[in-house]
Amino acid sequence: MQVFKQQIQKLFLSLLLFGLSLYQPIIAQRNLSDYVNTLQGTNSKFELTRGNTYPTTALPFGMNTWTPQTGTNGDGWKYQYFKETIRGFQQAHQCSSWSNDYAVFSLMPVTQSLKLNENDRQSGFSHTNETAKPYYYQVNLDNGVNTEMSPTERGVHMRFSFPKNEKSYVVLDGYTGISGVEIDQKNKRISGYVHNGRGMERFEHFKNFFVIEFDKPFKAFGTWDNTNGAKKESNTSAEGKGKGAYIQFNNGADVQVKIASSYISQEQAQRNLNNELGKAKNLEATKAAAKQIWNEHLSKILVEGGSEEDMKTFYSCFFRASLFSRKFYELNEAGEPYYFSPYDGKVHEGYMYTDTGFWDTFRAQFPLNALLYPEMHGRYVSALLDAYEQCGWLPSWSFPSEAGSMIGNHAITLFADAWAKGIHTFDPQKALEAYYHEATEKGPWGPANGRHGHKEYYTLGYVPYPKYGEATAKTLEYAYDDFCGYNLAKMTNNTFYENVFGRQMYNYKNVWDSGVGFMRGRKADGSWVPDFDAYEWGGPFTEGNAWHYVWSVFQDPKGLINLMGGEERFNAKMDSVFTVPNTVHVGTYGGKIHEMTEMEMAEMGQYAHGNQPIQHMIYLYNYSGQPWKSQQKSREVMRKLYNYTENGYPGDEDQGQTSSWYVLSAMGFYSVCPGTNEYVLGSPVFEKTTISLENGKTFTIKAADNSQQNVYINSAQLNESAFSKNYLTYQQLLDGGTFNLQMSATPNKKRGIQNTDKPFSLTEY
């Protein structure tokens with residue numbers, strides 16, 4: 001009997017240990033979304049941004065997002081952490097506070113008496129009564145209504161729990177443009193559309209159709225006009241500028257609301273609602289489904305061996321990096337993708353994505369996407385050619401149609417980068433033809449729609465200043481783009497375009513002045529713009545100064561090293577970025593812009609991580625014989641300039657770019673030159689990082705003895721073989737395996753210093 005008991009105990013212990021072994025990864029997956037704080041970066045304003053984000057409630061790359069609204073209708077700062085009132089819960093698509101939003105409408109619960117105007121209906125709230133997760137937002141308003149939201153890709157499930165015995169209203173606000181509403185009392189439904197924001201102006205018939213279904217009967221209802229506050233009791237329909245609706249429920253009601261929308265039709269909006277929310281019996285079901293989706297998504301990168309704060313920062317950034325670009329397609333009754341095109345105003349079959357600015361996101365957002373979601377990324381780059389066919393131009397800033405904002409023609413970087421990484425979902429000949437058109441013409445919309453100064457760029461070898469604003473920055477970025485065109489042509493054996501673009505990819509040399517040791521503005525007659533000041537912002541540069549743009553030679557760091565007189569002088573120049581004063585001369589801006597203030601606050605000299613132009617710079621030590629400095633500086637930037645709080649970013653987050661910089665860097669590498677297949681090494685934050693790849697393989701980075709002090713790579717092994725290179729290739733990552741790093745508090749100055757260890761550069765080492 002005793003033997004039998006012992007056998008039973010052993011069997012029980014074995015089963016327990018086996019169960020725990022299965023349970024641990026489930027626990028790890030389940031809790032990842034709870035590390036995320038969607039309030040990260042929301043303590044922002046015009047003068048100073050800590051991210052310019054809003055508490056986004058959405059699914060990964062979902063067509064719509066949902067957010068509480070503290071700002072007035074039309075205000076780009078739709079949620080500011082320091083504000084004390086909420087005036088609505090809105091569907092949002094905003095990329096940036098500076099671009100504003102489009103296709104917006106909102107709901108707001110109101111108690112006691114009916115208050116329609118946004119200023120009258122707003123309610124106080126406290127962050128202590130607020131929950132902000134990717135899969136669930138909740139706030140208990142001072143008016144006594146507990147409001148909850150959980151997302152689907154094209155919809156949301158809301159619940160308004162009104163205080164007992166209080167009058168209970170929900171107000172639908174049509175926002176700033178034309179809107180239409182129809183109230184169906186019998187079916188407890190409001191349907192309609194909105195047409196608002198700069199992103200929808202191109203086509204009058206560009207509408208965001210919505211369906212809103214309630215689970216409680218209407219006690220009373222009507223329509224109203226937000227331009228004058230007029231209301232029409234018991235009216236069932238209205239159309240025009242600022243039209244909205246209101247519903248009264250029984251006192252103290254708990255009202256569940258299902259909402260979905262479509263850019264295609266009212267019928268498709270209803271289909272989206274049925275497909276995504278039709279089976280959800282209550283908000284808890286939608287919340288659980290959304291949480292599972294986010295946990296599975298975030299588990300694509302499992303980090304271990306870091307502090308609780310590091311975990312929260314990493315997964316909050318990974319969340320924010322997983323919102324852009326947005327799916328702009330919908331599924332028809334056969335489950336096949338189709339979309340309303342923001343480029344020609346017609347409905348097409350296939351996939352479309354939007355809401356991103358390539359000037360920001362070509363640097364890290366898309367290289368991260370290519371690594372984690374190659375199937376989606378392949379669809380994305382293929383859709384760029386569809387956009388070209390529909391509007392005659394490659395997108396540069398899609399919001400959702402082409403805006404042409406910022407500078408450069410960076411769609412070509414996505415084509416070249418995808419092809420270099422084996423993502424061959426598009427016709428490279430068509431891509432090169434489209435880019436050639438982009439590079440030799442100027443479009444009708446913004447500075448990045450075609451090329452400002454393209455004739456002079458080809459004849460002089462640079463864009464002259466002051467004939468064209470931001471001319472030196474444009475020259476540098478055009479030269480990099482031309483490298484990407486050249487490289488795509490070279491990889492696809494297209495000698496014609498290889499020769500065409502190969503002639504311009506060294507044009508960066510034409511704006512280098514060895515006399516001052518910087519890139520600078522150059523006049524059309526070949527003379528330098530006088531009174532050079534390396535600390536002066538604007539003029540020939542974009543949101544920066546000469547300290548920031550001298551490093552914008554992604555394609556040829558060795559060539560830049562040669563211009564500066566060799567590695568020793570190059571490294572000294574790099575070092576000086578962090579040691580010179582953080583002086584700001586406002587230049588042509590005429591006053592301080594927020595990027596200037598953010599650089600000053602960082603207290604890292606002229607290193608301005610709050611904006612994109614210099615974000616790759618710390619990785620250039622890998623090209624110049626001092627890779628340990630990239631390791632130290634990347635860790636310093638992550639530790640000093642990022643956190644998971646409302647003050648979590650050092651500047652604008654910018655459609656996932658600044659978050660993607662952190663996600664890649666925290667894994668221990670960064671994409672210095674998209675258009676090649678390399679990720680340049682830095683220093684990982686965590687002791688262990690496991691990347692679950694789409695092909696079913698895993699790539700694991702193990703950093704032994706990693707800590708805040710041990711930031712240097714003493715030695716490395718890739719799949720048990722000694723590894724001295726300062727970069728990993730995309731193919732090495734996708735093949736899976738283990739990258740073992742031995743970390744140290746002191747740099748190994750003998751590792752990674754041979755020419756064969758250095759990353760890609762056009763100029764040979």
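The values are calculated or read from the model by the stated rules, or taken from the named source; none is laboratory data. What you are looking at is a predicted structure, and each value in this text was computed from that prediction instead of being measured. In this analysis, Cβ positions are derived from the backbone assuming ideal geometry, glycine residues included, and neighbour counts consider all displayed protein chains.
Would you check which residues across the range 110-140 are closer than 20 Å to GLU284 by Cα and of a type outside the set (Phe, Trp, Tyr) and list them?
ASN129, GLU130, THR131, ALA132, LYS133, PRO134, GLN138, VAL139, ASN140
For the range 190-232, give me each residue that is more than 32 Å from the chain's Cα centre (by Cα) and assigned to a strand (DSSP E or B). I'd like the intermediate steps shown before the answer.
Going through the range 190-232, the residues more than 32 Å from the chain's Cα centre (by Cα) turn out to be 190, 214-232.
Those that are more than 32 Å from the chain's Cα centre (by Cα) and assigned to a strand (DSSP E or B): ILE190, PHE214, ALA220, PHE221, GLY222, THR223, TRP224, ASP225, LYS231, LYS232.
What pairs can you find where one residue is in the range 544-560 and under 15 Å from ASN507 (Cβ atoms) and not assigned by TED's automatic domain parsing to the domain that holds HIS585, the other is small (Gly, Ala, Ser) and buried (at least 24 other Cβ atoms within 10 Å of the Cβ), and their Cβ atoms are less than 8 Å apart, with a gap of 6+ or different chains?
Note: no pairs meet the criteria.
Exactly one of these conditions fails for ASP225: (1) surrounded by 13 or more Cβ atoms within 10 Å (Cβ to Cβ); (2) on the phi > 0 side of the Ramachandran plot. Give me its number.
(2)
Is at least one residue of the range 154-170 over 17 Å from ASN140 (Cα atoms), small (Gly, Ala, Ser) and either in a loop (DSSP other than H, G, I, E, B) or out of contact with any helix residue (DSSP H, G or I) (no Cβ under 6 Å at 6 or more places or on another chain) (or both)?
no
Looking only at the range 102-134, how many residues end up being surrounded by fewer than 24 Cβ atoms within 10 Å (Cβ to Cβ), touching an Asp or Glu at 6+ places or on another chain (Cβ under 9 Å) and in a loop (DSSP other than H, G, I, E, B)?
Residues in the range 102-134 being surrounded by fewer than 24 Cβ atoms within 10 Å (Cβ to Cβ), touching an Asp or Glu at 6+ places or on another chain (Cβ under 9 Å) and in a loop (DSSP other than H, G, I, E, B): 4 in total.
So, in the range 456-476, exactly how many residues are touching a Ser or Thr at 6+ places or on another chain (Cβ under 7 Å) and in contact (Cβ under 8 Å) with a residue 60 or more places away in the chain?
Residues that pass the stated criteria total 5.
Please state which of the following conditions HIS348 fails to meet, knowing it meets all the rest: (1) surrounded by fewer than 23 Cβ atoms within 10 Å (Cβ to Cβ); (2) without any contact (Cβ under 8 Å) to a residue 40 or more places away in the chain.
Going through (1) surrounded by fewer than 23 Cβ atoms within 10 Å (Cβ to Cβ); (2) without any contact (Cβ under 8 Å) to a residue 40 or more places away in the chain one by one, HIS348 breaks only (2).
Does LYS279 satisfy the condition of being farther than 29 Å from PHE399 by Cα, modelled with pLDDT of 95 or more, in the same structural domain as TYR644 (by TED's automatic domain parsing) and of a type outside the set (Ser, Thr, Tyr)?
no
Give me a count of the residues in the range 331-372 that are out of contact with any helix residue (DSSP H, G or I) (no Cβ under 7 Å at 6 or more places or on another chain), part of a loop (DSSP other than H, G, I, E, B) and among the polar types (S, T, N, Q).
1
Condition first: assigned to a loop (DSSP other than H, G, I, E, B) and surrounded by fewer than 24 Cβ atoms within 10 Å (Cβ to Cβ). Now tell me which residues in the range 171-189 satisfy that.
Pass one, the range 171-189, residues assigned to a loop (DSSP other than H, G, I, E, B): 174-177, 185-188.
THR176, GLY177, GLN185, LYS186, ASN187, LYS188, listed by residue number.
Look at the range 551-602 and say how many of its residues are at positive phi and in a helix (DSSP H, G or I).
Matching residues across the range 551-602 total 1.
Need the failing condition index for SER99 against (1) within 16 Å of the chain's Cα centre (by Cα); (2) surrounded by fewer than 23 Cβ atoms within 10 Å (Cβ to Cβ); (3) at pLDDT 95 or above, just the number.
Evaluating SER99 over (1) within 16 Å of the chain's Cα centre (by Cα); (2) surrounded by fewer than 23 Cβ atoms within 10 Å (Cβ to Cβ); (3) at pLDDT 95 or above leaves (3) as the failure.
Output yes when any residue across the range 604-611 is at pLDDT 95 or above, of a type in the set (A, V, I, L, M, F, W, C) and assigned to a helix (DSSP H, G or I), and no when none is.
No, every residue in the range 604-611 fails to be at pLDDT 95 or above, of a type in the set (A, V, I, L, M, F, W, C) and assigned to a helix (DSSP H, G or I).
Yes or no: the range 301-313 includes at least one residue that is touching a residue at least 60 places away in the same chain (Cβ under 8 Å) and among the hydroxyl-bearing types (Ser, Thr, Tyr).
Yes: the range 301-313 contains one or more residues that are touching a residue at least 60 places away in the same chain (Cβ under 8 Å) and among the hydroxyl-bearing types (Ser, Thr, Tyr).
Only residues that are out of contact with any strand residue (DSSP E or B) (no Cβ under 7 Å at 6 or more places or on another chain) and within 22 Å of PHE210 (Cβ to Cβ): list them for the range 100-133, please.
ASN100, TYR102, ASN117
Quick one: which residue in SER744, SER715 is free of Cβ contacts under 8 Å to residues at least 40 places away in the same chain, crowded, with 18+ Cβ neighbours inside 10 Å and more than 29 Å from the chain's Cα centre (by Cα)?
Result of the check over SER744, SER715: SER744.
Could you tell me whether SER665 is buried (at least 23 other Cβ atoms within 10 Å of the Cβ), of a type in the set (Gly, Ala, Ser), touching a helix residue (DSSP H, G or I) at 6+ places or on another chain (Cβ under 9 Å) and closer than 29 Å to ALA418 by Cβ?
Yes, satisfied.
Among the numbered criteria (1) surrounded by 24 or more Cβ atoms within 10 Å (Cβ to Cβ); (2) in contact (Cβ under 8 Å) with a residue 40 or more places away in the chain; (3) of a type outside the set (Phe, Trp, Tyr), which one does GLY517 miss?
(1)
Is there a residue being farther than 26 Å from GLN732 by Cα, in contact (Cβ under 8 Å) with a residue 40 or more places away in the chain and buried (at least 24 other Cβ atoms within 10 Å of the Cβ) anywhere in the range 411-430?
no
Scan the range 524-560 for residues that are small (Gly, Ala, Ser), under 30 Å from GLY625 (Cα atoms) and in contact with an Asp or Glu (Cβ under 9 Å, 6 or more places away or on another chain) and jot them down.
GLY544, ALA546, SER552
Taking the range 469-501, which residues are of a type in the set (Ser, Thr, Tyr) and more than 29 Å from the chain's Cα centre (by Cα)? Lay out the reasoning, then the answer.
Residues of the range 469-501 of a type in the set (Ser, Thr, Tyr): 472, 475, 478, 480, 486, 492, 495, 497.
Listed by number, the residues that qualify are THR492, THR495, TYR497.
Does the range 421-433 contain any residue that is of a type in the set (A, V, I, L, M, F, W, C) and not in a loop (DSSP other than H, G, I, E, B)?
We begin by selecting, within the range 421-433, every residue of a type in the set (A, V, I, L, M, F, W, C); these are 423, 426, 431-432.
Next, only the ones that are not in a loop (DSSP other than H, G, I, E, B) stay: 431-432.
Within the range 421-433 (the criterion being of a type in the set (A, V, I, L, M, F, W, C) and not in a loop (DSSP other than H, G, I, E, B)), the answer is yes, since at least one residue qualifies.
Answer yes or no as to whether GLY446 is assigned to a loop (DSSP other than H, G, I, E, B), in the same structural domain as TRP393 (by TED's automatic domain parsing) and farther than 24 Å from ALA403 by Cα. First the steps, then the outcome.
Numbers: assigned to a loop (DSSP other than H, G, I, E, B): yes; in the same structural domain as TRP393 (by TED's automatic domain parsing): yes; farther than 24 Å from ALA403 by Cα: no.
So GLY446 does not fit the description; no.
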